[in-house]
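Report on the following structure.
The values are calculated or read from the model by the stated rules, or taken from the named source; none is laboratory data. Values in this document were obtained by computation on a predicted structure and should not be read as measured data. Ideal geometry is used to build each Cβ from the backbone, glycine not excepted, and the neighbour counts take in all protein chains shown. Note: areas computed on protein heavy atoms with side chains; ligands, DNA, RNA excluded. Shrake-Rupley method; radii C 1.70, N 1.55, O 1.52, S 1.80 Å.
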Amino acid sequence: MALIACAFGLVWGGPLAAQILPLKSLTCTAGAESARGAFDLPRGQLQCSGSRFGHRDRFVRTSVEVPRRLLPGSNGLVWQTEASDFTSMLVRFTYADGTQRLIDVDRQMAARNWFAGNRFNVPIPDEAARLIAVDTVVERPYSAATTAKARILTQARSAEKHYLRSLAYVLVIGLLILPLIYDLLFYRILRQPFVLWHLGMVGAMTFYTLLQSGLIFEFLPDLELGLRWRATALAFVLALSSAVMVVRGLIEDRLLSRGLNAALIAAALIPILVKIVALIGGEALRITVNAWLMASLVPSALMVLIAVAVALARGSRGARWAALGLSVLMAVGLLRLLVGLGLMEFGFALEDGVFVAMVVLAILTSLGVGDRFLALRDDRDQARNQAVRLGQMANTDGLTGLANRRAFDMVARLSPGEGLLLADIDRFKAVDDKHGHQIGDAVLCRVAAILRDALGDRPGARVYRLGGEEFAVVARTADGPELMQLAEKLRQTVTRIDGSQSPVDLPLVTVSIGAVLGHGQLMHQAFADADAALYRAKDSGRDCSVLYNAGTAKSTAGRFHDTLNPA
């Protein structure tokens, strides 16, 4: 920002400021139906005060008597005005000895003699006598600025200002290109509509700067004057409308009511609709089109200000960035509105304020986009963590903290090299009936902790509480004997249960275990086999482990083997 301020400060500061003669206050105007008729009008019939630049006649005459004391020099002068659209222009220079020089300004002189900042130069012919008057006749001017913003300056001053202003505009474009790259990179990881709106806003600002500054002529020297003028206004409108949508995107959804959302969308559409009407209206809206466009921004600006104020009151982080970014643009926009409505006068530097405001808006809203990204990422991470927690809660037994039956049912198959153990606490109902549910729950928790701790040296082993007093273990194992050793280790550890670590005295309990080896069978089949082995352990007197033998499935009496009893 400091670089831009310094660049434009050099343009407007310095001792050479006296080498510029603005002609607006010296200009008298009138309308006519022909160029000759306009030149023939005596000065007494010209309007020299009030709203004299609003003539909508086909031809508009301006006349300036140049005082000697105000002339910036005697030779090497240029006449300069704004390069809005017009059909034709004649400029007549009158000298003290009566000499008159008439210059036919064609529409493409704006391209050939462009001056940085939407202006163009007309060299003033050097004569022995001093310049005393400048008269112009403009056919169908589309903006009052063409007749109102004329000035005379030295060629040296013109060249210097053109160079400095061109550097300033190049700096503006460079600062706008950075957010463009920023948006393109951000959209790859944050596919949110407001990032695209920000990209469109900065792109329109960059295009507007190229057109309004005249730098576009370096790339398109034959660009038609009217097309450039209309494209400039369109780019400005698109930049503002996109900025409104950026503000809408920066504000958190929960902080904007349906009415405020609709108001912001309307605020973005109003300038576009007015611009479309202006493009269609043609001759009917000539001269007044800029005033209508500026006036259309008032309701849009009010809607945006209300939405931002409400969001700020509700604690919106995005609204803070929006308010900071819009502050300079709102101030410049207010000044432009007052100038456009003829309520105040302001220098040519007001146009430069628009570029400063656009850079401020682009950079601060880019920071807002980054901040919004961080907020969305935090929300996403919180939602993801909450989903994980909910998933864990859904798959976790609330009493013991083990995985539950739902988690067990999610295991599709019992893979080769794995074994399944089903453990059931013997006569647990009697424990509940004798000692109560509180003691029963404590026993369940203690058995769960013993199973979990006993498997701590077996990576990948998983323990489940399937319901009631039934538990399941899935663990890696090489063969049946190793699986039975694990089953016995768990059974014997439970048998030696110690209630000293519990706030209540725990009764001694035993478990029966059914085991099955995995060979890629579906888990529900493995469970059925292990459950059958468990029932065989119960039938064998409880407090024992039984391994299911699939090879003897045809014989009911011989389906089970390796019944291990501690006795």
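Assorted remarks:
- Per residue, the chain exposes 46 Å² of solvent-accessible protein surface, assessed with a 1.4 angstrom probe and all protein chains in place.
- Centre separation in Å (Cα based) which lies between the range 51-120 and the range 228-263: 38
- Longest to shortest principal axis, alpha-carbon extents of the chain, angstrom: 138, 44, 41
- Mean projected area (nm²) of the alpha-carbon convex hull when the range 309-429 is viewed from all directions: 15.6
- Computed with a 1.4 Å probe on the full set of protein chains, the accessible area for I306 sits at about 100 Å².
- Of interest is the spacing of the C-alpha centroids, which for the range 267-309 and the range 420-481 amounts to 75 Å.
- In degrees, nearest ten, helix 349-394 long axis to first principal axis of the chain (Cα): 10
- Degrees between helix 258-281 axis and first principal axis of the chain (Cα, 0 to 90, nearest 10): 30
- Cα shape, the range 141-187, gyration tensor, a/c 1.5 rule: oblate
- Bridging of K149 to aspartates and glutamates at a Cα separation below 20 Å is possible for D57, E65, E82, D85, D104, D106, D135, E139, E160, E345, E351, D352, once same-chain residues fewer than 8 apart are set aside.
- Compared with the dominant principal axis of the Cα atoms in the chain, helix 523-539 is inclined by about 30°.
- Excluding same-chain neighbours fewer than eight residues apart, no lysines are reachable from K489 by a Cα-Cα span under 16 Å.
- Put a plus charge on the Cβ of each Lys and Arg, a minus charge on the Cβ of each Asp and Glu, and nothing anywhere else: the dipole of the chain about its Cα centre is then about 1320 debye.
- Three-way shape label, the range 237-306, alpha-carbon gyration tensor, a/c 1.5: prolate
- Rounded if a/c under 1.5, otherwise prolate or oblate - the range 27-95, Cα gyration tensor axes: prolate
- Largest accessible area first, the listed residues W197, W321 line up as W197, W321 when surface is computed with a 1.4 Å probe on the assembled protein chains.
- The mean sequence separation of alpha-carbon pairs under 8 Å and at least six residues apart, normalised by the residue count of the chain, gives a relative contact order of 10 percent.
- Apportionment of accessible area to carbon and sulfur, the chain, percent (1.4 Å): 60
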